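The values are calculated or read from the model by the stated rules, or taken from the named source; none is laboratory data. Computed from a prediction, not measured in an experiment: that's the story for all the values here. Glycine gets a Cβ as well: all are built from the backbone with ideal geometry, and neighbour counts include every protein chain shown. Surface accessibility is based on the protein's heavy atoms, side chains included, excluding ligands, DNA and RNA. Shrake-Rupley method; radii C 1.70, N 1.55, O 1.52, S 1.80 Å.
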Amino acid sequence: MLTTIISVFVGVTLVCLAVLLNVRSLRRALISRRIFATYKRILPQMSDTEREALEAGTVWWDGELFRGNPDWNKLLAYPVPKLNAEEQSFMDNEVEHACALVDDWQVTNELYDLSPEAWRYIKDKGFLGMIIPKRYGGLEFSAYAHSQVVTKLSTRCSALSVSVMVPNSLGPAELLLHYGTEAQKNYYLPRLAKGIEVPAFALTSPWAGSDAGSIPDVGIVCRGLWQGKEVVGMRVTWDKRYITLGPVCTILGLAFHLYDPDGLLGSKKHMGITCALVPRDTPGADIGRRHQPLNAMFMNGPTRGKEVFMPLDYVIGGPAMVGQGWRMLMESLAAGRSISLPASNAGMAQLTARTVGAYARVRSQFRMAIGRFEGVEEPLTRIGAYTYMMDAVRKMTAGAVDLGEKPSVVSAIAKYHVTERARQVVNDGMDIVGGKGICLGPSNFIGRAYQQLPIGITVEGANILTRSMILFGQGAIRCHPYVLKEMKSAYNEDAEQGLRDFDEAFFGHAGYTIKHGFGALAKGLTGSHFVSVPDNVAPETKRYYQQLTRFSSAFAFLADISMLVLGGELKRREKLSARLGDILSMLYLCSATLKRYESEGRQQADAPLMHWAMWDTMYQAQMAFDGVIANFPVRWIARFLNRIVFPLGHPYDVPSDRIGHQVAKLLIEPSASRDRLTAETYLPKGENEAVGAVELALLATIEAEPIEARIRAAEKSGALADNPEANVRDLAHAAFAAGIVTAAEYALLKRRNELRDIVIRVDDFPHDLGRSRQQPLVHKAAA
Ligand SMILES: Cc1cc2nc3c(=O)[nH]c(=O)nc-3n(C[C@H](O)[C@H](O)[C@H](O)COP(=O)(O)OP(=O)(O)OC[C@H]3O[C@@H](n4cnc5c(N)ncnc54)[C@H](O)[C@@H]3O)c2cc1C
């Protein structure tokens, strides 16, 4: 009897619940209205600049990863970016020549600038106008070609790559292309394309760096005299710093808040952030002084102006775009950020992989190439696998821009993780090279990269901020199928429509969360073995796809529970938000790595690079899950989350030493894999260049090794006992004298020794480091 009553009660309750949840008007009146009121109360206040930043750009593959069930067919179907014939010829000729023209030591230590010939060449050949369409005289290169060019230039000289990168990134050309008036485009774009104009863009001020929306620079709309006529214009006061190409620019893109106190443009007093193009010779514009960014020697400096009058025509897009500056900047940021920093930092990693790998074979200690010691193998492995992954991310992200995307979250992931991995790669390279990396000079092939790494970390969204606020913060709002809808409903001025939209989004959201909770648990319990994967993936990668789907599902659930429990508080809990962003990022890095492996035809020789990178990144994703769960503020929910995400424990260990050994080995000998890994590295010919010398020394070392093995055997048998020449420097001669090697072999060893000695050489300078030569002696007349 009792069971019948309970059954009837449960049945009636479920029917009521079903009716309540399915009859929308009832659901809205009884449930959604209350939740909506609470939601509106706790939703963090958002400034216009924050909202515009969040809403800018597009959602791409990040959306698939965020939503818990990535469609791998989509990833595999994205076209593999390729250079067309013209772009390939530019890489092979103009880029090669530009690299040959530049000597990084001369730039950073003597000229403090690119040489006049190098400037002339990059301007004349259109390097500064790669993004400008052909109809304006530009090269109209794809984003991928642009990325390839910058990557290669970065393997040669940072001043060269930055000087090319900046005019093609977020700046006057990009802004003019999208928002300029026809007159502005017709005048400036052909001049920018040919380097007649050199652009810079000035947003950052001493008081507003990361929080760029709060720049104190102002323009006041007023009447004034312009070329003899009275016109409505702006009196602009600015104080900017860190502006790349600022000291040599001929037109300065300038961002400031515009006010119209006298209502000359309408009723609005604060018009918002406005971007203008200010010619360098505008009276009152103070341009020309320099900063010295970590000896990189690209042009960078402050600019100031006090109440500088300029016509409204200076506004990019003319008077119609007054106050639209922030939106313009945010919309344009994603494209540039997808290319410039990922390319320049992947370039540094390629250079490190190429040169340090070779150095580790050429340099011996304890009578063995240092690259064969397990201790050195560890950093070599990271250098190889990270470089493989970074380049995968660089290419896939540039490819997205070519597909018409302006991927805001993906560009932030690429910028953050490629620059952070470059930091690790170059640091590892420095450790391997030892003292040779520390003493600067023309023979040092890594020291300048080490010095300049923090630049990429800081610019285009400083990394700590990007990780703490953007990756998950923007990801959650942009990629989630319901969060933005819920937020928009709360901001809707029509409260009833807002409630209707909220009700739809909220119940959709609830179903989505529950689905992912069950999905994550099921995949965890079955080790994700039943997750279906496209048939056309390489069999050796199938498990990665399955585990990535599992992690994606668990991430979708964890993200939702975090938002549900912490709400607006999550914005302040930056450590949790950062770790959630890490998970999303790792899923993206892994996707790019798998895509690269497929795109390059599943190169079996490269498989260790792919496997190590995948394991390491999946392991890091797993640690990021742990980091969120271990620090989740509500402990019983944390325990529940742990059960759902890792019901049978952790699926990943650290990557194996066995695969690590295979990766390290790929770096210390010539092979097609090594060439693919460092394909964009500029390789100067001959031993007079540090990079050329280490390349030659590697080949000579490999040729010499079997002969040296014989000498070592002879040594062991006592053939060279008590011979004072039996030391690392003179051993070859001793062996020749003792008849252990032939004359031809001795010649080969001698050549190897010459090249080795060039490679291990460290530059030295006069006691005053050459200062006396720079400051001519002043001969005073005798009294
Ligand atoms: C070499 C170089 C070239 C540059 N080129 C240009 C250019 O051409 N044009 C231009 O306009 N600007 C340029 N910049 C400026 C660059 O964009 C800024 O340096 C950057 O935005 C950071 O600002 P900041 O240096 O003032 O650091 P701050 O804003 O003072 O930040 C300091 C630290 O605090 C962190 N931080 C700040 N807020 C938060 C937060 N809410 N949560 C977590 N962490 C936070 C940051 O990540 C950073 O690590 C350049 C800078 C350099 C160094």
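Quick look at the numbers
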{"quantity": "Distance violations [Cα-Cα > 24 Å] among K665/K716; K152/K595; K123/K306", "calculated": "K665/K716; K123/K306"}
{"quantity": "Formal net charge of residues neighbouring C99 (Cβ-Cβ distance under 11 Å; K, R +1; D, E -1)", "calculated": "-4"}
{"quantity": "Cα gyration tensor shape of segment 121-211, rounded if a/c is under 1.5, else prolate or oblate by comparing a/b with b/c", "calculated": "oblate"}
{"quantity": "For W226, residues with placed amide H under 5 Å, excluding near neighbours", "calculated": "V231"}
{"quantity": "Most to least accessible of C222, C249 (protein chains only, probe 1.4 Å)", "calculated": "C222, C249"}
{"quantity": "Solvent-accessible area, 1.4 Å probe, carbon plus sulfur percent, for the chain", "calculated": "56"}
{"quantity": "Nonlocal amide H pairs with V278, under 5 Å, H built at 1.01 Å", "calculated": "L252, G253, L254"}
{"quantity": "Simple Cβ-charge dipole of segment 643-775, Lys/Arg +1 and Asp/Glu -1, about Cα centre, in debye nearest 20", "calculated": "340"}
{"quantity": "Other-chain or far-sequence residues with amide H under 5 Å of I243's (modelled H)", "calculated": "G301"}
{"quantity": "Counted charge near E52, where neighbours are those whose Cβ lies closer than 10 Å (Asp, Glu -1; Lys, Arg +1)", "calculated": "-2"}
{"quantity": "Calculated from backbone phi, Karplus (6.51, -1.76, 1.60) coupling profile of segment 527-535 in Hz, x at Gly/Pro", "calculated": "x, 6, 5, 9, 5, 7, 10, x, 5"}
{"quantity": "Accessible surface of D92 - all protein chains present, 1.4 Å probe, nearest 10 Å²", "calculated": "90"}
{"quantity": "Radius of gyration, Dmax [segment 50-139; alpha carbons; angstrom]", "calculated": "20.3, 55"}
{"quantity": "Top positive-direction residue, dipole computed over segment 246-326 with Cβ charges, set Q292, L258, M271", "calculated": "Q292"}
{"quantity": "Note, ³J(HN,Hα) from phi for segment 653-662, Karplus 6.51, -1.76, 1.60, rounded to Hz, x at Gly and Pro", "calculated": "9, 4, x, 6, 5, 4, 5, x, 4, 5"}
{"quantity": "Unit charges on C-beta of K, R, D, E only; dipole of the chain, Debye", "calculated": "1660"}
{"quantity": "For segment 544-606, accessible area per residue (1.4 Å probe, heavy atoms of protein chains only), Å²", "calculated": "27"}
{"quantity": "Cut-off 11 Å between beta-carbons: net charge of the residues surrounding G527, Lys and Arg +1, Asp and Glu -1", "calculated": "+3"}
{"quantity": "Electrostatic dipole magnitude of segment 603-677 [Cβ: Lys, Arg +1; Asp, Glu -1; Cα centre; debye, to 20]", "calculated": "320"}
{"quantity": "Sparse-neighbour loop sites [trypsin sites (Lys or Arg not before Pro); segment 720-755; at most 11 other C-beta within 10 Å; DSSP]", "calculated": "R729"}
{"quantity": "Quarter of the Cα convex hull surface for the chain, i.e. its orientation-mean projected area (nm²)", "calculated": "47.7"}
{"quantity": "Charge dipole of the chain about the Cα centre (unit charges at C-beta), most positive-ward option of G517, Q148, S364", "calculated": "G517"}
{"quantity": "Inverse mean reciprocal Cα-Cα distance (Kirkwood Rh) of segment 522-606, Å", "calculated": "14.6"}
{"quantity": "Among W61, P199, G305 the positive-end extreme of the charge dipole of the chain (Cβ point charges)", "calculated": "W61"}
{"quantity": "Segment 143-268: equivalent-ellipsoid semi-axes (sqrt of 5 x gyration tensor eigenvalues, Cα, Å)", "calculated": "31, 19, 13"}
{"quantity": "Unsatisfied cross-links (Cα-Cα over 24 Å) in the set K82/K542; K74/K395; K406/K485", "calculated": "K82/K542"}
{"quantity": "Histogram of C-alpha separations across segment 394-496, 10 Å bin width, %", "calculated": "13, 29, 27, 17, 8, 4, 2, 0"}
{"quantity": "Viscosity 1.306 mPa s, 10 °C: Kirkwood-radius Stokes-Einstein D of segment 93-162 over Cα pairs, µm²/s", "calculated": "128"}
{"quantity": "Probe 1.4 Å, protein heavy atoms only - accessible area per residue of segment 233-282 in square angstrom", "calculated": "35"}
{"quantity": "Cα gyration tensor, segment 592-724 - rounded (a/c under 1.5), prolate or oblate", "calculated": "prolate"}
{"quantity": "Loop-located GluC sites (Glu not before Pro) in segment 425-512, at most 16 other Cβ atoms within 10 Å (DSSP)", "calculated": "E493"}
{"quantity": "For segment 482-533 and segment 259-325, distance of Cα centres in Å", "calculated": "44"}
{"quantity": "D428, D730, D211, D535, reordered so the largest accessible area comes first (probe 1.4 Å)", "calculated": "D535, D211, D730, D428"}
{"quantity": "The chain - mean residue ellipticity at 222 nm from DSSP helices (-39,500 (n - 2.57) per run, n ≥ 4, rounded to 500)", "calculated": "-18000 deg cm²/dmol"}
